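The values are calculated or read from the model by the stated rules, or taken from the named source; none is laboratory data. This is a predicted model, so every value here is computed, not measured. As a convention, Cβ positions derive from the backbone with ideal geometry for all residues, glycine included, and neighbour counts pool all protein chains shown.
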């Protein structure tokens, strides 16, 4: 990956690589992927307190907020060591989701619905 396709940010002594930082996610407002990452970092403390340390799923918008979306319910195998996995079972199936272990506690999920809905 070329340097122009990624930006490294530092969070509590850890390097986090943001791929495609200039990708437009909110076309109307012109907000990029890096803008969203910076926003999540700015609200992380309160958002994580509010989550009650519960596992979350990630809502993915690969073509921006106006495109199709899907729920990423499983933690990726190549996730950083600070992102743990939580196995949750019910009567019919066992599911894996992501949750943060240790510091820093980075944002885990995007909003479940589109803004304004």
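Miscellaneous remarks
- Test: residue in region 38-51 that is assigned to a loop (DSSP other than H, G, I, E, B) and in contact (Cβ under 8 Å) with a residue 12 or more places away in the chain: no
- Subset of region 65-100 [surrounded by fewer than 12 Cβ atoms within 10 Å (Cβ to Cβ), modelled with pLDDT under 50 and in contact with a strand residue (DSSP E or B) (Cβ under 7 Å, 6 or more places away or on another chain)]: 94
- Scan of region 1-18 for residues that are surrounded by 11 or more Cβ atoms within 10 Å (Cβ to Cβ), in contact with a strand residue (DSSP E or B) (Cβ under 8 Å, 6 or more places away or on another chain) and either at pLDDT below 90 or within 20 Å of residue 59 (Cα to Cα) (or both), ordered by number: 16, 17, 18
- Matching residues in region 20-35 - criterion: being touching a strand residue (DSSP E or B) at 6+ places or on another chain (Cβ under 9 Å) and surrounded by 11 or more Cβ atoms within 10 Å (Cβ to Cβ): 20, 21, 22, 23, 24, 25, 26, 31, 32, 33, 34, 35
- Among the criteria (1) modelled with pLDDT of 85 or more; (2) assigned to a loop (DSSP other than H, G, I, E, B); (3) touching a strand residue (DSSP E or B) at 6+ places or on another chain (Cβ under 6 Å), the one residue 62 does not fulfil is (3).
- Residue 54 vs. criteria surrounded by 12 or more Cβ atoms within 10 Å (Cβ to Cβ), closer than 22 Å to residue 79 by Cα, more than 12 Å from the chain's Cα centre (by Cα) and modelled with pLDDT under 95: no
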